[in-house]
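The block underneath contains the structure these notes are about, expressed in structure tokens.
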Amino acid sequence: MTAAPYPPNSRYFGVPVVSRTGDDGTTEVYLARRILPAPDRYVPLGHRRIAGGERPDTLAHDAYGDPALWWRVVDADGAADPARLTDAEGRLVMIPLPLEITGHGTA
């Protein structure tokens, strides 16, 4: 098992790369399961009321200066489908502090 080769702003950063060998001798390499943190571990940085045309990446860009951190907002919401996070205009969405700085860890 090795660490996944993803940058620190990726939702897969730190997720191990694992492999298994099948009965026929072929090796499959894949990412281990990424366990989502429990919603109660998140601390709000703030909240955002969704306006028309927003997406998780635009929320992340406005909040963190990095659109690639969209997964932080989606994880804190518990949304299974990232598109559903911003599909209802007027919805209030929590923008979380990174777990790494709240003392609640990463997973």
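Structure data summary
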{"quantity": "Condition check for residue 69: touching a residue at least 40 places away in the same chain (Cβ under 8 Å), hydrophobic (A, V, I, L, M, F, W, C), assigned by TED's automatic domain parsing to the domain that holds residue 88 and assigned to a helix (DSSP H, G or I)", "calculated": "yes"}
{"quantity": "Hey, residue 49 surrounded by fewer than 14 Cβ atoms within 10 Å (Cβ to Cβ), over 17 Å from the mean Cα position of the chain (by Cα) and assigned by TED's automatic domain parsing to the domain that holds residue 89 or not", "calculated": "yes"}
{"quantity": "Matching residues, the range 49-65, being of a type in the set (D, E, K, R) and out of contact with any helix residue (DSSP H, G or I) (no Cβ under 6 Å at 6 or more places or on another chain)", "calculated": "49, 54, 55, 62"}
{"quantity": "Condition met for residue 28 (part of a loop (DSSP other than H, G, I, E, B) and not small (Gly, Ala, Ser))", "calculated": "no"}
{"quantity": "Selected residue [touching a helix residue (DSSP H, G or I) at 6+ places or on another chain (Cβ under 6 Å) and outside any helix (DSSP H, G or I)] from 20, 11, 33", "calculated": "11"}
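The values are calculated or read from the model by the stated rules, or taken from the named source; none is laboratory data. Predicted model, so just to flag it, every value in this text is computed and none were measured. For neighbour counting, all protein chains shown are included, and Cβ atoms are generated from backbone atoms with ideal geometry for every residue, glycine included.
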